[in-house]
Amino acid sequence: MRGGMSTETTRTSAAVVVLYHPEPDTVQNILSWSGQVGKVYVVDNSEPPAYDLARSLEAIDNLMYLPQDGNKGVATALNIGAGLALRDGFEWLLTMDQDSRAAPGHVAGLLKCLSGREHQSVAILAPFPSLRSHQESALSGCREVNLVITSGSLLNLQSYVALGPFWDELFIDYVDNEYCLRAKSGGYKVIQCYDVTLTHNLGDIRSYRYLGRTIYNSNHNWTRRYYITRNRLFVVRKYKKLFPGICTGMLGEFRGEIKGIILFEEDKIRKLRMMVKGWTDYLLGRMGRLSD
């Protein structure tokens, strides 16, 4: 089941998708882009593995299902996919979340951004993420940016070898930001294509009215609040001298998130407590998976 394939994209591009207790619509999400690449590596971090969903994916003949022994985190799963793609001779790796859906021509549209650019100088080609229904970019074309999300992006495997793997100890959250800043510090470009849109869910985005304005909050759960807080601080410490403006912006987002939780979100006490724990573990140098 590989409709919509382009010979060039399937020859040069593979994909990795990370599963964690996936919903049934994950199958349709994967089907939306699986035919655009030569190989799909499905890394299942679910506990226990999602074997029922895996059986629904058996019709995709270019797919490899890889259940893990417990939740290894997003960074490790991406590294597994990258390693397999390199072994199998691919040049690009499409990195997807289980809740992201791509339009026909997604991969080919991203590769068009290479026109006029040196292949070797580009680390990531990223789409415009539509985080709300019918959200579109006011920009067009391909532009160099600082930060992009992992989902829907094409990773240049040649630059991946040079830069090293995703930072496993972050486990989840800010894995993409850290890699983007590492790429830029190494002289590589992060390119966003505003003509390619990815349908993507970021947390549980809800809108609120506040002082006559519409405010959007992600409503991440308390576990994610821990990782976002801890990992943001690690990344800021690592890159603040090289990218002071970007890191100042990250800390500004931190303050805005605290305000949003207090004003709008549910389970606010536990979320705020876990943010404090994230800050504490950062100070103590604790990384990896949050202990149960």
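The values are calculated or read from the model by the stated rules, or taken from the named source; none is laboratory data. Computed from a predicted model, the values in this text were never measured in an experiment. A quick note on method: Cβ atoms are made from the backbone with ideal geometry, for glycine too, and the neighbour counts reach across all protein chains shown.
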If you scan the range 259-282, which residues turn out to be touching a helix residue (DSSP H, G or I) at 6+ places or on another chain (Cβ under 8 Å), surrounded by fewer than 16 Cβ atoms within 10 Å (Cβ to Cβ) and modelled with pLDDT under 90?
262
Within the range 35-42, identify whether any single residue is in contact with a Pro (Cβ under 6 Å, 6 or more places away or on another chain) and assigned to a strand (DSSP E or B), and answer yes or no.
no
Residue match in the range 91-110 (condition: assigned to a helix (DSSP H, G or I) and farther than 16 Å from residue 16 by Cβ)
yes
Can you tell me how many residues within the range 233-270 are in a helix (DSSP H, G or I) and either over 24 Å from the mean Cα position of the chain (by Cα) or farther than 14 Å from residue 174 by Cβ (or both)?
15
Can you tell me which residue within the range 53-79, out of those that are among the charged types (D, E, K, R) and assigned to a loop (DSSP other than H, G, I, E, B), is surrounded by the most Cβ atoms within 10 Å (Cβ to Cβ)?
72
Could you grab me the full set of residues in the range 80-110 that are more than 17 Å from residue 32 (Cα to Cα), surrounded by fewer than 21 Cβ atoms within 10 Å (Cβ to Cβ) and not charged (D, E, K, R)?
80, 83, 84, 86, 89
Determine if the range 6-18 includes at least one residue that is hydroxyl-bearing (Ser, Thr, Tyr), under 18 Å from the mean Cα position of the chain (by Cα), at pLDDT 95 or above and farther than 19 Å from residue 110 by Cα.
no
In the range 224-249, the residues that are touching a residue at least 60 places away in the same chain (Cβ under 8 Å) and not aromatic (Phe, Trp, Tyr):
231, 235, 238, 242, 246
